[in-house]
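Only the coordinates and a few stated rules stand behind these numbers; no lab work does. These numbers were taken from a predicted model, which means no experiment stands behind them. Here Cβ is always computed from backbone atoms with ideal geometry, including for glycine, and neighbour counts include all displayed protein chains.
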């Protein structure tokens, strides 16, 4: 019985360790951790940006006005409030997909819908575009030109974007 208990403890510790995503701001990390339900596996912005072995499809689960201000290069807008699964049925079901929003809450929910629809390689970007911008990774506007502007949803949420080079808009 003791061996089984030790295996369970080790497995749970390993599972929890896999969720650690290395967000720079510890308070933001706590906020993200409390907001998402881990319906789908998470991926760090560092790994997503630097993983040269995989070609990810990025799906933006924010609203259109947020996406138009800026988004991750080559990201496809899918929205949240009016998300329609039929809008992405042209995508291969086994291709690695990263869903993101502002911090990961909306993308977590959309990721679950994707898995339910048969997509088998879905990730939620932990810290989402806020952490992407905090790390100084490239964001582009609706003309695919590099920008420093980021839609932060509202003034309250803008505190989680702490990169001084980012211009916060809402």
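Data overview
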item	result
Virtual spin-label span in nm between residue 156 and residue 35, 7 Å along Cα→Cβ	1.1 nm
Relative contact order (percent, whole number), the chain, Cα cutoff 8 Å, 6+ residue spacing	23 percent
Structure-derived semi-axes √(5λ) of the Cα gyration tensor in Å - corresponding label in (1) 28, 20, 14; (2) 32, 17, 14; (3) 25, 19, 18	(1)
Degrees between helix 26-35 axis and first principal axis of the chain (Cα, 0 to 90, nearest 10)	80 degrees
Length added when fully stretched, residue 90-residue 170, from 0.36 nm per residue minus Cα-Cα	25.6 nm
Separation of alpha-carbon centers, segment 24-64 and segment 97-165, rounded to whole Å	7 Å
Mean ellipticity per residue at 222 nm, deg cm²/dmol - from DSSP H runs of n ≥ 4 across the chain, formula -39500 (n - 2.57)	-10500 deg cm²/dmol
Rounded tilt (10° steps) of 2-19 against the dominant C-alpha axis of the chain	10 degrees
Overall form of segment 120-170 per C-alpha gyration tensor (a/c, 1.5; a/b vs b/c)	oblate
Mean separation of Cα contacts under 8 Å (6+ apart) over length of segment 77-170, as relative contact order %	22 percent
Pairwise label distance in nanometres, residue 148 with residue 49, each label 7 Å out on the Cα-Cβ vector	1.6 nm
Principal-axis tilt of helix 105-116 within the chain, Cα atoms, nearest 10 degrees	60 degrees
